[in-house]
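The values are calculated or read from the model by the stated rules, or taken from the named source; none is laboratory data. Predicted, not measured: the structure shown is a model, and the values here were computed from it. All Cβ positions, glycine included, derive from the backbone under ideal geometry; neighbour counts span all protein chains shown. We work out accessible area using only protein heavy atoms, side chains counted, and drop any ligands, DNA or RNA first. Shrake-Rupley method; radii C 1.70, N 1.55, O 1.52, S 1.80 Å.
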Amino acid sequence: MSASWLRQLAFGVRLACRGGVTGWTRVALTATAVGLGVAFLLLAASVPNLLEARDTRVAARVDDGQGPDLPDGILLVVMTDTEFRGVTIRGRLLQPLSATAPTPPGVSALPKAGEMVVSPALDELLAEPGGALLRARLDYRVVGRIADEGLAGPGEFAYYAGGDQLDGKAGVRRLAAFGDPSPGPGPDPRLILMAVVAFVVLLAPVAIFIAAAVRFGGESRDRRLAALRLMGADLAMTRRFAAGEALAGGLLGLGVGAVIFLAGRQLVDRFTLWDISAFPADVRPSLPLTALIAVAVPALAVGVALGVLRKVAIEPLGVVRRAGQGRRRLWWRLLPSVAGLALLAPMLAGLVDTDGQLARVQVGGGAVLMLMGVATLLPWLVEAVVRRLGGGGLSWQLAIRRIQMDSASAARLVSGVAVAVAGAIALQTFVAGMESAFTDATGADLSRAQVTAALDEGATPARAREISGRLSATPGVRSVTSVAYTDVELPDTDDYSSLVVGSCAELRELARLSRCRSGDTFIVEGARAERDTVDPAEPPRPGARVTALGTGWTIPATATQVKARTLPDGSTWNRTILATPAAVPALAAKPLRLQYFIDLDQTRPDIGELVRNTAAQVSPMMAVYGIREVKVDSKFSGILRGTLVGTVALLLLIGTSMLATMLDQLRERRALLAALTAFGAKRGALTRATLWQMAVPVVLGLVPAVLAGTALGVALLAMLGFPLHVSLTQLFVTVAAGAGVVALVTLASLPVQLRLMRPDGLRVE
Amino acid sequence: MTGDAPLLTARDLSKAYGTTRALDGVSLDVRAGEILAVMGPSGSGKSTLMHCLAGIVRPDSGELRYRDRDLIAASDAERSALRRGEFGFVFQFGQLVPELTCLENVALPLRMEGVRRKEAERRAAYWLERLDVADVAGKRPGQASGGQGQRVAIARALVTEPSVVFADEPTGALDSLNGEMVMRLLTECAEQSRTAVVLVTHEPSVAAYSHREIVVRDGRIRTSAGSAR
Amino acid sequence: MSLSHTLLALLERGPRHGYDLKQEFDAQFGQDRPLHYGQVYATLARLLKNGLVEVDAVEHGGGPERKRYAITTAGVTDVEEWLSQPESPALYLHSTLYTKVVLALLTGRDAAAVLDAQRAAHLDLMRTLTRRKTRGDLADALICDHAIFHLEADLRWLELTSARLDRLAEEVRS
Ligand SMILES: Nc1ncnc2c1ncn2[C@@H]1O[C@H](COP(=O)(O)OP(=O)(O)O)[C@@H](O)[C@H]1O
Ligand SMILES: [Mg+2]
C-alpha cells in the first residue's frame, strides 16, 4: 500500500464530501442509513451482555429455600406474586428468625411487619390514582425502594414486605442466603437455538440494507468519476476514489450509528417488551462483536462499491453499463440454498446432537445461507420470469420493459424485503410450531367460573367456610365453589393421590354421584382424559391403607367407583378419593388445602382486582388465577408478537432505503417524465407503471421468500422433533406486511413522482 | 399564406415565475400548416411561450384558443387529451423512454390514445421509414446515434398526425449536418401533412427552415416581421 | 456606408459647423480612417442642394467664412427612412450597421428596431437560401451554405449587439 494509493483513497473521501449539495446529501443519506443499520447491529451485539446482566441479578435473588435443617440466620420467605390489571407483580413476605438473617439484593434492611420496600415501577403504580385498588391489596407502608441490583429490569414490579407468624405454615420457605447455589443449566437449548435463528433473521436484512445504503446516488457518483477519468485518472485510480468515497460513508455511518445507539440506549428503560425491561447500563455491546462491526461495516461498504464498479465501465465520456454478458446462470445462485440445506440436513436426520455448541453454529450458518439464497436467486428469477412477460396494457409494457432492461436493480430493490420476509416466516413457522406444541385447549367452561383461587397454607373447615363467605360477599361475585383437599400417600408406592373432603353438594362438582349421603366415600376412576399423557398409576382401591396429614386411614370397603366431572377450569380430578366429613372424622377438622372456583359478573369493572383484594385480606399467600380457555405459554405468544414487531420495524427500515433508492431513480428520469406528460400521457398511466414496476419484483421476491422461509422454519421444527405445523395466518400476515411496506414506499414516492411530471422538468439546466 | 382562421390564437399571455416575468403580454397566431420560428436569446421566454401555447403550462392571464376551444379554461385532463390527439412534441433530449425500443417509443402516443398495440406499431413503423430510421426500430434509444434518436422523436411527434408540432431546440444537441437532416425531414413531413410547426430555437440556421419568425425578448415579442412569402 | 446620411443624422442633434461635424464623425466612427474636410464640404453641398440641410448662420471672422448647417424637415424624414430600411444583406456589412445603430442611439431612436429589421431581412435571405439548398443539388447546397454561414455570422453579431445595446448607448452618449 503505497503513499499515492492512500492519497487517492483520501481524495475519494474528500470527493464524497465536496460534491456540492448533492454530494453532501448523498453522504448524509448514506451515513444515516448505514448509521441506522449500525445502531441495530450494536443493539444486537448488546444482547449477550444484557441477558447476562439480567440473569446475574435474577440468580442473585433466587429464594428457593434450603430445607428445614438450617443453621442460624434464617429468613422465612413466602411467595405472594400477584397480578394487577394485566401486569405481574413479584411479591415476597419476609420474616427473619434471627438478627443475622440475609437480606435480598438491592434491599439494605429487612422491612418490619406491616412495612414494605418496592421497586420504582411499583412505587409509581401505587401512586397513580388508579392504584387505590392495589394499595388496598398491598396494605403495607412503603419504607424504601429496591435498588437496581435487586431487580430484573427497570420496569419490573416487585416488593418485599415484612411478615409475622409465618413459621410453621405450609408454603413457607426457609432461607439462609439469597442466590442460586447451583445455577441451573441455563435457558432451554431450544430457546437458544431460536435466539440464534432470530439474530440471523434480523441481521441478514440489515446487511442488505447497509449494502443498499452504500449504493445511494451511485449514478451521480459514476458521472463524477467519469469526469475524473476525463482529467486523466486511470481505472485503478477511479476504483480507489470510489473505495475512498464508500469508506467515508461507512465510517461516517459508524459514527452516526454510535450516536444513534448511545442516544437510543437512554430510552431503553422506557420500554417493556414481554415483561422484560433493561437498564441502559445493561445495554453494552460486547467488545468482540463491536470490533467486528467496526471492521465489517466499512469493509462491506468498500466491497459493495467495488462490486458495483465491476459491472460498469467508467469511461472518460460517461458510464457504460456492461450489458449482461448473456443470461444469468442459475447454478451458482442455487449454491447458498443448497449449502444451507446441506448444513441443516444432518440435524434433520437426527445425526447430530442439536444442543451442542457446534449445532448452533451449524444452524446459524444454515439459516444465513438459506436467506442469502433468496437474495442470490432473486435476480435470476426476476430476469427469467420478466423475459417471458409481455403483452398487456401500456403501463404494464412500460414497467416490464424497464425491469427487462435492468433486472438487477429491480431485484436489488426488493431483495431486502424478500430476505426480511423469508427470515420472519422462518422464525414464525418455528415459533408457531413450538407454540402449537405447548398450547392446549384447557376445556375450561367460562360460563361456570372465571377465576380460581388457591390457598395452600391449610384451613380448618370453619375457616374454609368463613373464606367462602368473604369471597361470596365480594361485590360482583355470583357464586363460589370450593374444594378442600389434601394429599394422600398410597401404600407400597411413591405415588400420591388426593383426598377431597366436602359435602355431597361440593363433591358433586368433582364427580357424577348418583347417590350420596353423609358418611359415604367415593373413588374417582383412573381414566385420564384422552389428551393427557398416559399415566399407568392405578387408582386407590377400597380397603387400602393410606396416609394423609400424617395420619393413617383405611379407605372404606364401601367406597364406590365414580366418574369424574370436569371442573370449571377444565381440569378433572382423576384418581381422587372423595369423602364426606363423616367418613373421615379424624381428618375433617384438620387444616386442608383449598381451591375455589369463582363465577363473576364480568360486566363490572375491575371485578378481578376486587376478588384479588379479598383474597389478599384472607391471606397474602392466597393465589388468584384467571381461567383461560386456551392455555398459552405466554413466552411464546410474546416471542411471536415480538418477531412480528421486529419484522415490521425492519421492513420499515428497509422501506426507507427503498424509498431513497426509488426517489433517486425517479429523479434520474425527471426530463423523461416531464416530456411524457407534455405528450399528454395520463398521470395515472405513469404512476400505474411505477406501481407495476415495484409490484412485479415484489411478487417474484415473495415467492422464494415464502418457500425458503417455510422450509427453514419447518427444518428447524423437524430438527427439534416438534410436530410440523405451518400457520397460514402468520404466513399471510408476514407476506402482507412485506407487500404493504412496498405499497407504502410506492405511495410515499407518488408526490415526488407527480412533482417530477410537472413541466419544470423540461427545463435544461 | 392562406386566409383561413388561425389554429392557435394567443392574446396578451403573461406568465410569471416568482418575480421573473417569463411572458409579458404576448399575442400571436399560429395558422394551419405554417412553420413558425420562435427566436430569442436564452432565458427570454421562448420555452415558456411554447409550453403555454401547447397547454403544458397555464398562463397567469390572457386568452388562448385552439380552434374554438378555450385552453385556459380547459381542465388538465382536457388539455392532456388535446396534447395526445392534436399536438406533437420534440424536445432537445431526454424524451425517449430508454427501456422501450425505438419502434415502441414511436408507438407510445398512439397507445396512450388507446390504439391497439399491433396497429400502433404498424403505424409507427411507417413513420420510422419516412424519417429514414427504420433500421433502428428494434434497438433501444441508447443504441441509436443522437441524430437517429432525434428523428425517432420526430416520428413519434408525427405519428398521431397532429395539427401542430411543438419543437423546442430540436437540434440543440446535434452537429450541423445531423441538425440539417433533422430539420429538413421535420419541415418536409410537416409541409406534406399540412402540420403547423412551432419551432423554438435560438439558431438562425434552424429558424431559416420556418416560414416566418417571431423574436421574444424579456418575455415580449419584438417584431412580427412579415414573411417573405 | 452612406456618409451623407451619417452627417445628416449627426446634424439632427443640432446645427453644427462643417468642422465640428468632422470632429464628431471622427470621434464616433473614424477610428481607422478620419474624414477629409473636402469630403465633408462636398457632402454638405450636395445635401444643401437637395434641400435636406439649410444654412443656419454665417460667421464672418478673420479666417475663411464659416457656415453653420441645420437639418431640414425633409432631412429628418430622410434619416428616418434610411434607418428603418434594412440594408440588403451583403458581406462585410458591419460598419454600416454599426453606424446605423450608433446614429439611432444618438438621435434617440429605437436602435433595437434597427437591429430587428435587419435580422428579419437577413433571415429572409437565409430562408431563401435554405430553400434553394434543400431543393438543389450538392453544388447549390455548398454555395448556399457559404452564404448562409456568413449570414449567420451577421445574425450572431446582430444578436450580440441587441444584447449589449444598453451599454453601447451609454458609451455613445457620454
Ligand atoms: N419553472 C420555472 N421556475 C422558475 N423560473 C422559470 C421556470 N421556467 C422558466 N423560468 C424562467 O423564466 C424565464 C424564461 O425561461 P424560458 O422560457 O425557459 O426561456 P428560453 O426557453 O427562452 O431560454 C427564465 O428567466 C427562466 O429562468
Ligand atoms: Mg428554452
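Here are a few things to note about the model shown:
- Restricted to the range A:743-764, and to residues there that are exposed (fewer than 14 other Cβ atoms within 10 Å of the Cβ) and within 16 Å of ligand 2 (Cβ to nearest atom), the residue that is farthest from the other protein chains (Cβ to nearest Cβ) is A:Asp760.
- Considering the range A:122-148, the residues that are among the acidic types (Asp, Glu) and modelled with pLDDT of 85 or more include one that is surrounded by the fewest Cβ atoms within 10 Å (Cβ to Cβ), namely A:Glu124.
- When the residues of the range B:46-80 are filtered to those that are away from every other protein chain (no Cβ under 12 Å) and on the phi > 0 side of the Ramachandran plot, the one that is farthest from ligand 1 (Cβ to nearest atom) is B:Arg67.
- Among the residues of the range A:401-419, those that are part of a helix (DSSP H, G or I), within 9 Å of another protein chain (Cβ to nearest Cβ) and either open to solvent by less than 10 Å² (accessible area, probe 1.4 Å) or at pLDDT below 85 (or both) comprise A:Ile403, A:Met405.
- Criterion (within 14 Å of chain C (Cβ to nearest Cβ) and either of a type outside the set (Gly, Ala, Ser) or over 15 Å from B:Val38 (Cβ atoms) (or both)) met by exactly one of B:Arg212, B:Arg194, B:Arg156, B:Arg151: B:Arg212
- Residue in the range A:513-520 that is part of a helix (DSSP H, G or I), modelled with pLDDT of 80 or more and open to solvent by 70 Å² or more (accessible area, probe 1.4 Å) present: no
- Within the range B:122-146, the set of residues being surrounded by fewer than 20 Cβ atoms within 10 Å (Cβ to Cβ) and closer than 23 Å to B:Ala207 by Cα comprises B:Arg130, B:Asp132, B:Gly146.
- Some residue of the range C:128-137 being modelled with pLDDT of 90 or more and of a type in the set (Val, Ile, Thr): yes
- Hits in the range B:138-184 (condition: within 16 Å of ligand 1 (Cβ to nearest atom) and touching a residue at least 60 places away in the same chain (Cβ under 8 Å)): B:Phe166, B:Ala167, B:Asp168, B:Glu169, B:Pro170, B:Gly172, B:Ala173
- Answer from B:Gly88, B:Gly138 - the residue that is in contact with a strand residue (DSSP E or B) (Cβ under 6 Å, 6 or more places away or on another chain), of a type outside the set (Phe, Trp, Tyr) and away from ligand 2 (no atom under 16 Å from the Cβ): B:Gly88
- Among (1) under 25 Å from C:Trp157 (Cα atoms); (2) away from ligand 2 (no atom under 16 Å from the Cβ); (3) of a type outside the set (A, V, I, L, M); (4) away from chain C (no Cβ under 14 Å), the one test that B:Ser163 misses: (1)
Yes or no, residue by residue, for (1) facing chain A (nearest Cβ under 8 Å); (2) within 29 Å of B:Val152 (Cβ to Cβ); (3) within 16 Å of ligand 2 (Cβ to nearest atom):
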site	(1), (2), (3)
B:Thr9	no, no, no
B:Gly33	no, yes, no
B:Ser42	no, yes, yes
B:Leu82	yes, yes, no
B:Pro98	yes, yes, no
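- Some residue of the range A:81-88 being in contact (Cβ under 8 Å) with a residue 60 or more places away in the chain and under 30 Å from A:Leu202 (Cβ atoms): yes
- Tally of residues being within 16 Å of ligand 2 (Cβ to nearest atom) and touching a Leu at 6+ places or on another chain (Cβ under 7 Å) across the range B:14-31: 3
- Qualifying residues in the range C:110-120 (those that are crowded, with 19+ Cβ neighbours inside 10 Å and more than 8 Å from chain B (Cβ to nearest Cβ)) - the one farthest from C:Glu87 (Cα to Cα): C:Ala111
- Residues satisfying the stated conditions in the range C:121-140, i.e. crowded, with 21+ Cβ neighbours inside 10 Å and either more than 18 Å from B:Thr187 (Cβ to Cβ) or not assigned by TED's automatic domain parsing to the domain that holds C:Ala153 (or both): C:His122
- Any hit, the range C:2-21, residues being open to solvent by less than 60 Å² (accessible area, probe 1.4 Å), modelled with pLDDT of 85 or more, among the acidic types (Asp, Glu) and assigned to a loop (DSSP other than H, G, I, E, B): yes
- Where B:Val200 falls short, out of the listed (1) open to solvent by 10 Å² or more (accessible area, probe 1.4 Å); (2) in contact with a Ser or Thr (Cβ under 8 Å, 6 or more places away or on another chain); (3) more than 13 Å from chain C (Cβ to nearest Cβ); (4) more than 21 Å from B:Ala120 (Cβ to Cβ): (1)
- Within the range B:55-69, none of the residues are within 16 Å of ligand 2 (Cβ to nearest atom) and at pLDDT 90 or above.
- Residue in the range A:726-742 that is modelled with the highest pLDDT, counting only those that are within 19 Å of the chain's Cα centre (by Cα), of a type in the set (Val, Ile, Thr) and surrounded by 15 or more Cβ atoms within 10 Å (Cβ to Cβ): A:Val735
- Reported count of residues in the range A:739-760, each being of a type in the set (D, E, K, R) and assigned to a helix (DSSP H, G or I), is 2.
- Condition met for A:Gln693 (surrounded by 17 or more Cβ atoms within 10 Å (Cβ to Cβ), in a helix (DSSP H, G or I) and modelled with pLDDT under 85): no
- When A:Ser634 is tested against (1) at pLDDT below 80; (2) hydroxyl-bearing (Ser, Thr, Tyr); (3) out of contact with any Phe, Trp or Tyr (no Cβ under 9 Å at 6 or more places or on another chain), exactly one condition is not met: (3).
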